[in-house]
1. Please go through region 187-210 and give me each residue that is surrounded by fewer than 17 Cβ atoms within 10 Å (Cβ to Cβ) and farther than 18 Å from residue 244 by Cα, ordered by number.
2. Scan region 132-148 and give yes if some residue there is in contact with a Phe, Trp or Tyr (Cβ under 7 Å, 6 or more places away or on another chain), of a type outside the set (A, V, I, L, M, F, W, C) and outside any helix (DSSP H, G or I), otherwise no.
3. Looking only at residues in region 156-200 that are modelled with pLDDT of 90 or more and of a type in the set (Lys, Arg), which one is farthest from residue 225 (Cα to Cα)?
4. Kindly indicate whether residue 164 is part of a loop (DSSP other than H, G, I, E, B), in contact (Cβ under 8 Å) with a residue 12 or more places away in the chain and not polar (S, T, N, Q).
5. Restricting attention to region 133-153, which residues are within 23 Å of the chain's Cα centre (by Cα) and at pLDDT 70 or above?
6. Looking only at region 13-55, count how many residues are modelled with pLDDT under 70, buried (at least 18 other Cβ atoms within 10 Å of the Cβ) and in a helix (DSSP H, G or I).
7. Among the numbered criteria (1) outside any loop (DSSP other than H, G, I, E, B); (2) within 16 Å of residue 207 (Cβ to Cβ); (3) out of contact with any Phe, Trp or Tyr (no Cβ under 6 Å at 6 or more places or on another chain); (4) not charged (D, E, K, R), which single criterion is violated by residue 175?
8. Of the residues 183, 146, which single one is of a type outside the set (S, T, N, Q) and either in contact with a Pro (Cβ under 8 Å, 6 or more places away or on another chain) or within 20 Å of residue 251 (Cβ to Cβ) (or both)?
Amino acid sequence: MSVHEQFADDLALYAIGALQGSERAAVETHLRECAQCRSELERLRGDAALLAFSTSGPRPPSRSRERLLSAIAREPRSVPVSRSKWGPWWSTLEWAAAAALLVVVFLLLHQNRLLRTRIGDLEAGSTEQQQQLQQAKQLLATLTAPDAARYVLVAGNRPPQPQGKAIYVASSGTLVFLASNLPDLPPQKAYELWLIPTTGSPIPAGVFKPRQGSAAIIKPPLPLGVEAKTFAITVEPEAGSPAPTSQPIMVGTRG
């Protein structure tokens with residue numbers, strides 16, 4: 001679908017003043033940049049004016065009616081017209097009925113767009129709620145798992161004492177880490193959490209910056225089945241490091 005086809009329905013609604021809110025703003029932004037759509041808008045406005053005044057003026061050209069109807073319909077529609085021997089009087093009634101039908105079509109089209117938008121919002125909200133519920137269930141499962149190992153990380157003795165708590169399930173590689181009372185860091189620096197395995201090198205478990213001293217790392221990507229000896233925190237570059245570049249400022253003990 002081209003950009004012009006994308007705005008076809010909106011242009012028809014905009015031509016009769018039935019487009020509001022963000023949709024109207026989007027059309028106006030597009031019109032400022034697109035001469036082709038500006039020309040189409042003028043043609044649509046002219047067709048709408050001819051239809052509106054058709055009951056008291058001369059019959060507009062048939063091409064005007066056909067062009068406007070095609071702009072508001074996804075597929076061509078034709079209305080069988082019974083020609084009467086009564087001549088111009090009956091023709092005038094035909095155009096009055098066509099103008100009334102056009103207004104109804106515009107209103108139905110606008111209502112349909114509003115309903116589609118509303119349904120989309122509800123579906124998006126439902127999906128997001130389902131994802132949050134699933135995450136909450138996974139977090140609860142980690143916190144209550146019988147094989148969950150708990151570690152407490154502390155630094156210094158002066159209050160408020162920086163502290164961290166790690167809950168780790170090795171079989172699923174799931175980690176939940178919460179920290180409090182952490183001091184702010186210089187610019188371009190961040191804290192990095194490390195899983196210290198029973199054998200092998202430290203494994204990065206997440207980079208974080210505290211907000212008002214608090215921070216959390218929930219389910220960072222970790223390999224499955226790695227037994228943890230402990231957890232530690234170092235100060236690293238803002239983007240993190242593949243291996244520690246400084247001495248740990250906090251080291252955990254299993255509780």
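1. Hit for region 187-210 is 187, nothing else.
2. Checked region 132-148: no residue is in contact with a Phe, Trp or Tyr (Cβ under 7 Å, 6 or more places away or on another chain), of a type outside the set (A, V, I, L, M, F, W, C) and outside any helix (DSSP H, G or I).
3. That would be 189.
4. So residue 164 fails the test.
5. Going residue by residue through region 133-153, those that are within 23 Å of the chain's Cα centre (by Cα) are 133-136.
If the condition is that a residue be within 23 Å of the chain's Cα centre (by Cα) and at pLDDT 70 or above, then 133, 134, 136 are the ones that fit.
6. 4
7. Every condition holds for residue 175 apart from (3).
8. Details: 146 fails: either in contact with a Pro (Cβ under 8 Å, 6 or more places away or on another chain) or within 20 Å of residue 251 (Cβ to Cβ) (or both).
Criteria check complete, one pass: 183.
The values are calculated or read from the model by the stated rules, or taken from the named source; none is laboratory data. Just so it is clear, the model here is predicted, and its values are computed rather than measured. Glycine also receives a Cβ, built like all others from the backbone with ideal geometry; neighbour counts cover every protein chain displayed.
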